Each structure stands twice: as structure tokens, then as C-alpha cells.
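Visitor: Handing you a structure now.
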Amino acid sequence: MQQDFSLADCDVLGFDLDHTLCRYHLLQSARLIYDSFAQYLVTEKGYDKDLLTLAPDSLDFCCKGLLLDIEEGNFLKLAEDGTVLRASHGTKSMTSEEILETYGRREWKHFNTVSGMVSRSAKYYLYDNYFDLPGALLCARVVDSLDQHDGQKKYDFWKDMVAAIQHNYKISAFKEDCGMYFPEVKNHPDKYLQRCPESVKKWLKQLKSAGKILLLITSSHSDYCRLLCEHILGNDFEEYFDIVITNALKPGFFSHTPNQRPFRTLENDEEQEALLSLDKPGWYSQGNAIQLYDLLKKMTGKLDPKVVYFGDSMHSDIFPARHYSNWETVFILEELLGDKVTVPVETESEPLEKKGKYEGDEPKAPYFVSEQWGSFFMDRLPGLENAEETLVRTWSCKCISTYSTIAIPSLEAIADLPLDYRFTRFSSNSSATAGYYPSPPRALLPNEESVTMK
């Protein structure tokens with residue numbers, strides 16, 4: 001496989017919507033998601049009312065790449081070989097000694113399953129995107145609360161958490177104005193959504209003019225998708241795309257066969273009967289990558305059109321698009337922006353505009369830089385007092401170089417580049433920092449470790 005990658009070589013560009021094409025004001029949306037789940041647990045399931053109050057700095061707990069060990073009530077950050085690097089029981093960090101005592105210096109028991117398929121199960125949950133993350137803080141606080149009141153050893157709150165997620169995001173919630181999430185975003189879109197930069201809109205148009213086929217594939221439902229797209233792109237948003245697929249139910253969109261997950265047409269946002277095949281461009285619901293690819297062959301007149309897919313979730317976008325469909329993948333990783341704020345000296349001198357306009361008591365840095373969990377990319381192996389500390393890559397970081405073609409902080413980062421710009425792709429025989437554009441995370445640069453990892 002060649003060392004470089006260019007969009008000019010791709011026939012089709014597919015985009016995820018939430019946190020990819022549509023960027024959110026992270027702090028505001030995190031707060032809303034947290035509140036919407038907490039409200040449900042307290043009012044419908046009788047959990048402690050204290051869950052409804054949130055200290056301003058508590059979102060620091062949220063860090064992509066965390067795994068919740070559901071039965072133990074522990075959150076884990078793993079090294080690339082599955083060793084536990086950091087852990088917390090509920091919100092409370094475990095000491096190196098506690099980690100070694102509980103997990104030892106060996107791979108976590110579910111590591112093989114989770115790493116093979118970047119999966120989730122009844123025993124563990126992977127937090128890898130901003131829609132889920134606030135739920136991690138809520139679950140951790142639920143564990144704290146259960147410990148305080150019941151002194152539980154095994155936990156069974158997860159079914160209630162799943163109910164809270166389903167209540168807020170179910171297919172009819174937008175239309176029925178139920179739950180807390182959709183009504184709030186509908187009423188105050190500007191508070192939560194960032195409009196698409198002009199450079200990105202221009203870039204999408206250039207891609208179409210260059211003969212590229214553009215897809216939008218989102219697990220959001222059609223009514224919410226329309227609200228987002230009209231807000232961030234304008235009322236003519238459908239002109240940007242050849243095919244729009246909503247309620248795609250990723251990762252199943254990539255892993256399921258046509259008879260397991262047929263495409264459906266939509267009328268007034270209601271799904272209609274299943275289609276036997278996909279014959280023409282348009283707006284569809286559900287579906288599968290196999291029939292989509294057949295249509296792309298027809299549209300391009302090529303036997304194996306080259307597709308690249310942009311997304312922000314390793315679990316739903318990047319891993320399945322690469323593993324099942326063998327598409328090129330561009331990972332949208334806002335943590336690449338947060339990497340700049342690891343050194344306190346710099347953040348002090350930066351003007352406020354750069355940090356984002358947060359109210360007085362809000363955290364200064366974007367909430368994706370976690371003090372409690374440290375770097376998303378690297379960490380020290382927990383050692384006993386006098387042992388030599390070793391720096392290792394995190395499992396999240398390993399997934400990036402394994403399943404992404406390149407990783408970028410946002411679409412804006414590449415929108416002004418010429419179409420035939422050649423990126424260095426991730427590959428097993430290039431350096432650990434190849435593949436990140438415009439620059440690798442500081443934590444991965446050899447001379448900076450002492451600064452970043454403090």
C-alpha cells in the first residue's frame with residue numbers, strides 16, 4: 001500500500017453528521033446530555049436527586065477511550081496491550097497500588113473481545129464519542145451514590161442507563177417533543193450547534209464540481225438531521241449531497257447484510273416499506289453498505305470505486321467502515337486541538353477568544369483535556385514507588401493508527417488544501433506520528449514527553 005493518501009484518488013466521500021460535519025459547542029451540549037439522562041434516572045427510576053446538580057469542573061471526568069467495567073463500577077484507561085493505565089471506582093481515582101491489586105500487570109479480562117471488534121457488550125461499555133461521554137460521568141456518580149447508600153459490590157444500574165438513553169434519543173422523540181434533549185436543541189440551536197465554516201461549504205461544493213460523489217450517512221433520524229443541516233449548512237443543504245442516509249444504525253450499517261438491514265424510503269420522516277435494492281441517489285433510511293456500494297458502482301461506472309468515510313467514532317464509523325467495507329477512513333479527533341493546552345504556561349498567555357467564550361465558572365480548557373485521565377494518546381504504566389516508569393501508547397491511540405487512514409481535528413483543517421494534496425497515511429512501517437494532520441499530538445513527540453505527561 002502506498003505511503004500517501006489523496007482525496008483526488010477517491011471517487012466517493014462519505015460523511016458522518018454529528019461531531020463531524022456538524023460540530024457542537026461541547027460544554028453546552030455535554031451539560032444538556034448529562035442533564036437529560038440524569039433527569040430520567042431521578043424522576044423515572046428513583047435515583048438520588050443529588051445527580052441533578054453538577055459541579056462546574058466535574059466534566060473533567062469525561063475522556064474519550066474510557067471503558068466502563070459495568071459489574072465492578074470501574075472506569076479504565078487501557079494501554080495498547082490491554083494493561084490498565086489508570087482507573088477509577090465511580091468518580092474516585094484508584095491508586096497505582098489499587099490498580100495493581102485489582103487488575104495486575106496483565107491485560108484486562110475483556111481486552112481481546114473489545115480490541116478485536118472495538119465492541120461493546122453487557123459487561124463493558126466503550127465511551128468513544130461526545131454523545132455518550134457525559135453518560136460516563138453520570139454512571140460514575142451513580143456508582144458513588146450506590147456505594148454511599150447501599151455499599152454495593154456488583155452493580156445493576158446499567159439497564160436504567162440504557163433506558164435513559166433510549167428515552168432521550170428514540171426515533172419518535174424529536175417529533176413528540178419528548179425527553180429533554182431534542183426539545184432543547186430545537187428551541188436553542190445556536191446554543192449547541194456551530195455553523196459550518198464557509199471554507200468547509202466551499203470545499204464540499206468543490207468536491208462535487210470535481211466529479212466526486214458525496215454521501216451523508218448518519219445514525220441520527222431524518223427530522224433531527226434536517227434541523228442540524230439547515231442550521232449549519234442552510235436550507236439548500238440537500239444540494240451538497242448525492243445520497244443522504246439517516247437512521248443508519250451504525251456500526252450495523254457496515255456489518256449487516258441487505259436482508260438484515262434493508263434500505264427504506266421516507267415520507268414526512270416516516271419510514272416506508274423495505275426496498276429490495278438501491279437504484280438511484282436520494283434520501284433513504286437504515287440500509288447497508290453492500291447495496292450502497294452496488295449503487296456507487298453504477299453511479300461511477302467503476303468496478304471498485306474508492307470510498308473514503310469521515311467520522312468521529314471509532315466504534316460506529318472508523319472501525320466498521322475499514323473492517324467490513326475496506327473504505328479509507330478519516331478520523332475526526334477534536335483531541336488534536338486540545339493537545340495544545342497541556343502546558344499551563346501557554347494557556348495563561350492566550351487571549352480568551354482562543355479558548356472559547358465560556359462563562360466565568362466554566363472550565364478554561366475544552367473539556368476534552370482531562371486532568372484526571374491525562375493524555376488521550378500516551379500514559380505512564382502504573383509502577384510501584386521506586387520502579388522505573390515507562391511511557392506507553394494508549395489503546396485508543398493504537399486504534400487510530402490501525403483503523404484510520406489519517407486523523408484530523410476537524411474538516412476545517414483540510415478544507416483549504418488543494419484536492420490533490422498528498423497526506424502521509426498511517427501504516428505499520430511508518431512512524432507513530434505519521435497520519436496526523438496538520439501535526440501529531442505533542443504527547444507522541446519524543447522530546448516533549450517530560451513536559452506533556454506531568
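The values are calculated or read from the model by the stated rules, or taken from the named source; none is laboratory data. Small disclaimer: the values here were computed from a predicted structure and weren't measured. No Cβ is skipped: glycine too gets one built from the backbone with ideal geometry, and neighbour counts run over all protein chains shown. Just the protein is used for accessible areas: all its heavy atoms, side chains included, with ligands, DNA and RNA removed. Shrake-Rupley method; radii C 1.70, N 1.55, O 1.52, S 1.80 Å.
Visitor: I need the strands (runs of 3 or more DSSP E) fully contained in region 243-328, keeping only those with at least 1 residues that are in contact (Cβ under 8 Å) with a residue 24 or more places away in the chain and closer than 29 Å to Gly211 by Cβ.
Guide: 243-246, 263-267, 282-286, 307-311
Visitor: Tell me, yes or no, whether region 212-225 has at least one residue that is assigned by the TED database to the domain that holds Lys250 and free of Cβ contacts under 8 Å to residues at least 12 places away in the same chain.
Guide: No, region 212-225 contains no residue that is assigned by the TED database to the domain that holds Lys250 and free of Cβ contacts under 8 Å to residues at least 12 places away in the same chain.
Visitor: Among the residues of region 129-171, how many are polar (S, T, N, Q) and outside any helix (DSSP H, G or I)?
Guide: 2
Visitor: Which of the following residues is out of contact with any helix residue (DSSP H, G or I) (no Cβ under 8 Å at 6 or more places or on another chain) and under 30 Å from Gly301 (Cβ atoms): Asp236, Asp242, Asp279?
Guide: Only one candidate passes the filter, namely Asp236.
Visitor: Just one of (1) over 20 Å from Asp312 (Cα atoms); (2) modelled with pLDDT of 80 or more; (3) assigned to a loop (DSSP other than H, G, I, E, B); (4) of a type outside the set (D, E, K, R) trips up Val392, so point out which.
Guide: The number of the failed condition is (3).
Visitor: Within region 192-211, can you find the residues that are open to solvent by 60 Å² or more (accessible area, probe 1.4 Å) and in a helix (DSSP H, G or I)?
Guide: Residues satisfying the conditions are Glu198, Lys202, Lys205, Gln206, Lys208, Ser209.
Visitor: Please go through region 132-163 and pick out each residue that is open to solvent by 40 Å² or more (accessible area, probe 1.4 Å) and either among the polar types (S, T, N, Q) or under 24 Å from Glu334 (Cα atoms) (or both).
Guide: Across region 132-163, the qualifying residues are Gln148, Gln152.
Visitor: Scan region 318-327 residue by residue and report those that are surrounded by 24 or more Cβ atoms within 10 Å (Cβ to Cβ) and out of contact with any Pro (no Cβ under 8 Å at 6 or more places or on another chain).
Guide: If the condition is that a residue be surrounded by 24 or more Cβ atoms within 10 Å (Cβ to Cβ) and out of contact with any Pro (no Cβ under 8 Å at 6 or more places or on another chain), then Ile318, Ala321 are the ones that fit.
Visitor: Go through region 1-120 and tell me which strands (runs of 3 or more DSSP E), entirely inside it, have 1 or more residues that are assigned by the TED database to the domain that holds Phe182 and modelled with pLDDT of 95 or more.
Guide: Strands (runs of 3 or more DSSP E) meeting the threshold: 66-69, 74-78, 84-89.
Visitor: Consider Thr265 carefully, then state whether it is touching a Ser or Thr at 6+ places or on another chain (Cβ under 8 Å) and open to solvent by 30 Å² or more (accessible area, probe 1.4 Å).
Guide: Spelling it out, Thr265 is indeed touching a Ser or Thr at 6+ places or on another chain (Cβ under 8 Å) and open to solvent by 30 Å² or more (accessible area, probe 1.4 Å).
Visitor: Quick check on region 226-240. Is at least one of its residues farther than 19 Å from Val307 by Cβ and of a type in the set (Val, Ile, Thr)? Write out each step before concluding.
Guide: As a first pass, look at region 226-240 and keep what is farther than 19 Å from Val307 by Cβ: 226-239.
Checking which are of a type in the set (Val, Ile, Thr) leaves us with 232.
Taking every residue of region 226-240 in turn, at least one turns out to be farther than 19 Å from Val307 by Cβ and of a type in the set (Val, Ile, Thr).
Visitor: Among all residue pairs at least 6 apart or on different chains, which show Cβ distances below 6 Å where the first residue, located in region 3-15, is over 15 Å from Leu417 (Cα atoms) and the second is open to solvent by less than 10 Å² (accessible area, probe 1.4 Å) and among the aromatic types (Phe, Trp, Tyr)?
Guide: Within 6 Å, the pairs are Gly14/Tyr309; Phe15/Phe310.
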